[in-house]
Every structure is written in structure tokens, then in C-alpha cells.
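This report concerns only the one structure given below.
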Ligand code: SAH
């Protein structure tokens with residue numbers, strides 16, 4: 001049987017894809033239906049037909065899945081932020097672990113037994129909402145011309161208005177209201193993604209969960225002087241408890257990258273601080289910092305556990321950000337070296353070493369895949385333990401080759417994308433390493449994303 005656009009079908013959602021989309025089958029023909037939850041029987045309209053599969057739109061739930069829960073957010077279906085809010089948290093964890101297992105199996109070519117034998121119990125969150133310490137709200141206009149802020153709908157530049165996202169902190173709403181009110185009063189123009197005109201692009205808010213410090217950063221397509229009567233707005237923002245830093249970032253590029261390179265502090269300090277396991281970290285607007293601080297503690301504990309340091313090892317922390325993992329490991333290591341591409345983050349890392357009285361850590365600005373091979377060639381330094389925590393695209397081949405050459409006793413791979421993780425693990429395991437242990441740590445409740453920590457050891461010959 002063939003299906004055509006606009007056909008209405010009844011289908012059981014049997015599975016969920018990597019992006020959280022429901023997957024159903026009729027007569028062996030696959031239909032992908034966004035917002036369908038595993039176990040639902042739904043009525044869907046066929047929207048797009050391909051040779052072996054089709055895309056459908058959820059019209060009506062006929063029979064509710066036992067795994068379906070009431071989402072807290074009213075715009076969760078339109079907004080691109082959460083994909084699986086309607087799936088119970090318990091099943092979200094299973095879904096994510098399965099996704100990682102599948103990648104290890106299909107891309108990593110590890111055997112089912114190898115994967116199961118080395119797997120440790122997934123670390124979920126106690127409270128899967130209100131966990132994010134950072135939010136970046138695009139600013140624009142609705143179709144009536146009113147200034148709005150919220151989140152982009154998945155893969156578009158359409159803003160879904162939402163000032164109190166339930167993944168973020170409650171202070172977001174008040175901050176956004178002050179800024180939008182100010183923009184309306186002084187006719188400050190939001191940026192238009194289509195014409196590339198207008199001033200205010202994004203509002204970045206960061207919060208230190210353990211210190212209560214707040215940072216607001218306005219991302220402007222222009223100079224700060226164009227944002228008129230700033231003093232009044234700053235006064236209003238400062239009434240919010242914890243306000244520690246107000247700054248602007250200039251970004252006049254035609255790009256999807258949110259932040260430009262230049263930061264100007266308008267009020268307070270140019271950073272906020274947060275604490276992880278009693279260590280204090282200074283975070284600048286341009287620096288990466290894990291978005292879920294409670295789970296970050298658990299993630300770093302795993303890195304420490306897998307590192308199994310005895311006290312005199314040479315440790316490399318590649319993609320080190322503001323040096324959090326490096327400094328966390330430094331207490332138990334001989335010497336720690338951190339490498340990171342963003343200069344501002346390395347500046348923070350160096351400051352963080354001083355703040356925490358760490359004297360055995362050294363930090364370098366550079367691309368891991370360029371810096372490590374060069375350093376190794378020059379100094380031939382031995383590495384006992386290497387930690388990598390790359391962005392989604394994973395590690396470059398040049399870096400992996402250098403790691404193989406350096407032959408560390410242990411390699412701890414922290415990954416936010418299990419498909420590139422599986423690819424990189426295969427490369428390493430074909431060249432003398434063995435996958436010993438791995439665990440998923442959920443840092444991103446309600447979304448399809450998950451963090452994975454893996455321990456690789458040198459194969460005994
Ligand atoms: N380990 C840190 C940061 C991890 S995020 C933490 O837990 O906080 C990944 C980091 O890699 C980011 O700070 C990013 O700026 C940096 N990065 C991206 N590409 C890089 C590259 N090629 N070489 C070095 N660092 C890179």
C-alpha cells in the first residue's frame with residue numbers, strides 16, 4: 001500500500017529516533033512523527049512522502065502511552081529547546097542510554113557484550129527541571145510588531161515567545177521584562193534575522209547556583225551607545241538579588257554564532273563565580289561552563305574515578321574550558337596541563353588556578369589537535385592520563401593520532417555527542433586501547449542530549 005500527502009493514518013508509535021521523534025510503522029512502511037511518544041496510538045497526517053518512509057504530523061492521541069506525562073511547558077511542541085518533555089523522566093534516561101548503546105554498536109562496532117560488560121549505571125538528575133545556569137534569549141518582534149523574546153523554533157529563526165522556560169532559573173523572567181520594557185520605552189530596535197538590521201540580538205543570562213551571582217549580557221549589532229538611557233535599565237536590573245555583572249557584547253557579523261569577540265562591562269565585574277566541590281571558578285561571558293552545575297559535580301567525580309590518580313601523574317586536560325576538570329584533578333596529580341582554544345577561557349583558567357591555590361597546573365591557548373602534536377614533538381613529554389572533553393564534532397584525527405603515539409596509561413573521554421564519541425573510540429581501540437568502562441550522565445533533562453564518560457586503557461599485549 002502506498003501513502004500520499006494529506007492522508008490521515010492511525011499508527012502505534014513503536015520507537016523514538018535520535019532527535020526524539022516518534023517512529024511508527026504501517027505495513028512495514030516507516031513514518032516519523034514529531035511529538036509522538038513511544039507507546040502512543042495516534043492519528044497522524046502524512047506531510048511528506050519518500051520512497052521508504054514518510055513524515056507525519058500528530059493530529060490526535062487516540063490511546064495515551066503509559067510513558068506519556070503532562071509537560072510543564074505550554075510551548076514545548078513549538079520550541080526547539082526541549083524534544084522529549086512529554087516522555088516520563090525514567091523513560092528519557094532509558095532512551096538516552098539506548099541511543100549511546102546504538103552508536104557504540106553501529107558506529108563504534110563494539111560488540112553487544114563489550115558494551116554491556118563495560119557499562120555502569122546511568123546517573124540521572126534528582127530534579128530534571130530548572131537546572132540550567134545559562135540561557136540565551138533571541139530578541140525580535142511578533143507579527144503585530146511587539147518586542148518579544150523566547151527561543152527559536154527548531155531549525156528556524158522564528159521566535160517562540162517564552163520568558164520563563166522551565167529548564168532555567170526563575171530570575172530570567174524578571175530580567176527579560178526589565179530589558180524589554182526599557183527597549184519599548186526608548187524605542188530600541190530588536191535585531192531582525194531576515195533583514196540583518198536592528199540593534200538587540202540576544203540576551204545572555206548566567207547564574208552561579210552556589211554563589212547566587214547573576215550576569216546579564218546584551219548582544220548588540222552595534223555600539224553600546226546606541227542602547228540609550230542605559231543607566232535607568234542598569235538601576236532596575238540591580239534591584240534583582242544577586243546581580244553581579246552587566247555587560248554588552250558586540251556582534252555585527254552575519255552569523256548564527258551568538259556571541260561576538262568584544263565584551264564591555266557596564267556595571268559590576270566582568271564575570272561571575274560558581275563553586276564545584278568547594279573549588280571556586282570564575283566564568284566570563286565568552287567562556288564555556290557546564291550548564292547543569294549539580295550534574296557537573298557528578299560528571300567530574302566520574303572523571304576523577306576513571307583517572308584513578310595516585311599523586312605523581314602527568315595529566316593532560318584537552319578542551320579544558322576555564323580549567324574546571326584540570327583543577328579538579330590537580331589535587332591528586334603531579335602536574336596538569338590544560339589546552340583550550342578560547343583565549344578568554346584560558347585567562348579564566350589561569351585565574352582559577354590562583355584563586356584555588358593550585359600550583360601544579362599550566363594552561364595553553366590553542367587547538368588541541370595542533371597544540372598537542374607540536375608540544376609532543378618538541379618536548380616528548382610523557383602523558384600518564386589524558387582527558388578529552390571535545391565539542392559535538394569530537395576530536396580531530398591528528399589529535400587522536402598523537403594520543404595513540406603518547407601511549408597514556410588511561411584516557412578519559414567525556415562526550416556530549418555519542419555518534420562522534422563512537423567514531424573516535426573505534427579509532428583508538430583499533431590502535432592499542434581498550435574500552436573498560438562507560439557511563440551516561442544526564443545533564444540535559446527534557447532534551448535528547450546526554451553526556452557520556454568513557455575509560456580507555458592501554459591494551460595489555
Ligand atoms: N572541559 C570543560 C569544557 C568542555 S566544552 C568543562 O567541563 O567545562 C569544550 C571546550 O572545547 C570549549 O571550551 C571550547 O571552547 C573548546 N574547544 C573547541 N574546539 C577546540 C579545539 N579544537 N581545541 C581546543 N579546545 C577547543
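Every read-out reported here was derived from the displayed coordinates using simple, explicitly stated rules and does not represent laboratory data. On a predicted model such as this, the values are computed, not experimentally measured, just so you know. Because the Cβ atoms are built from the backbone with ideal geometry, glycine has one as well, and the counts that use them run over all protein chains shown.
Beta carbons within 10 angstrom, averaged per residue: use that to sort the peptides 106-118, 314-326, 337-349, highest first.
Result, highest mean first: 314-326, 337-349, 106-118.
Could you give the distance between the Cα centres of the range 201-273 and the range 1-29, to the whole Å?
When both Cα centres are located, 45 Å separates them.
Restricting to the chain, compute how many DSSP beta bridges are antiparallel as a %, nearest 5.
If we restrict to bridges inside the chain, about 65 percent are antiparallel.
Share of Cα-Cα pairs in the range 126-225 beyond 18 Å, in percent?
46 percent
Going by C-beta contacts inside 10 Å, put 67, 207 in order with the fewest on the left.
So the ranking, lowest neighbour count to highest, is 67, 207.
What value, in deg cm²/dmol to 500, does the helix sum -39500 (n - 2.57) over DSSP H runs of n ≥ 4 give at 222 nm once divided by the residues of the chain?
Estimated from H runs of four or more residues: -8000 deg cm²/dmol.
Quick check on packing: order 141-147, 161-167 by the mean number of other C-beta atoms within 10 Å, highest mean leading.
Result, highest mean Cβ count within 10 Å first: 161-167, 141-147.
Any idea how far the Cα center of the range 71-139 sits from the one of the range 143-197, in Å?
27 Å
For the range 1-92, what D do you get in µm² per second when you plug the Kirkwood radius from alpha-carbon pairs into Stokes-Einstein at 25 °C and 0.890 mPa s?
Estimated diffusion coefficient is 186 µm²/s.
Fewest Cβ neighbours within 10 Å first, please rank 37, 336, 69 accordingly.
69, 37, 336
Measure out, as a whole number of angstrom, how far apart the alpha-carbon centroids of the range 296-338 and the range 384-411 sit.
Here the answer is 14 Å between Cα centres.
In percent, what relative contact order does the range 38-190 have, based on Cα pairs under 8 Å that are 6 or more apart in sequence?
The value is 17 percent.
Out of the DSSP beta bridges found with both residues in the range 385-461, what percent are antiparallel (nearest 5)?
Antiparallel bridges make up about 80 percent of those DSSP assigns within the range 385-461.
With N set to the number of residues, divide the alpha-carbon radius of gyration of the chain by 2.2 N^0.38 Å and report two decimals.
Cα-based Rg divided by the globular estimate yields 1.05.
Below 8 Å between Cα atoms, with a sequence gap of 6+, how large is the relative contact order for the chain in percent?
Rounded, it is 12 percent for the chain.
If we count other beta carbons within 10 Å of each Cβ, what is the order of 181, 332, fewest first?
So the ranking, lowest neighbour count to highest, is 181, 332.
For the range 372-419, what's the relative contact order in percent, using C-alpha pairs closer than 8 Å and at least 6 residues apart?
Relative CO of the range 372-419 lands at 51 percent.
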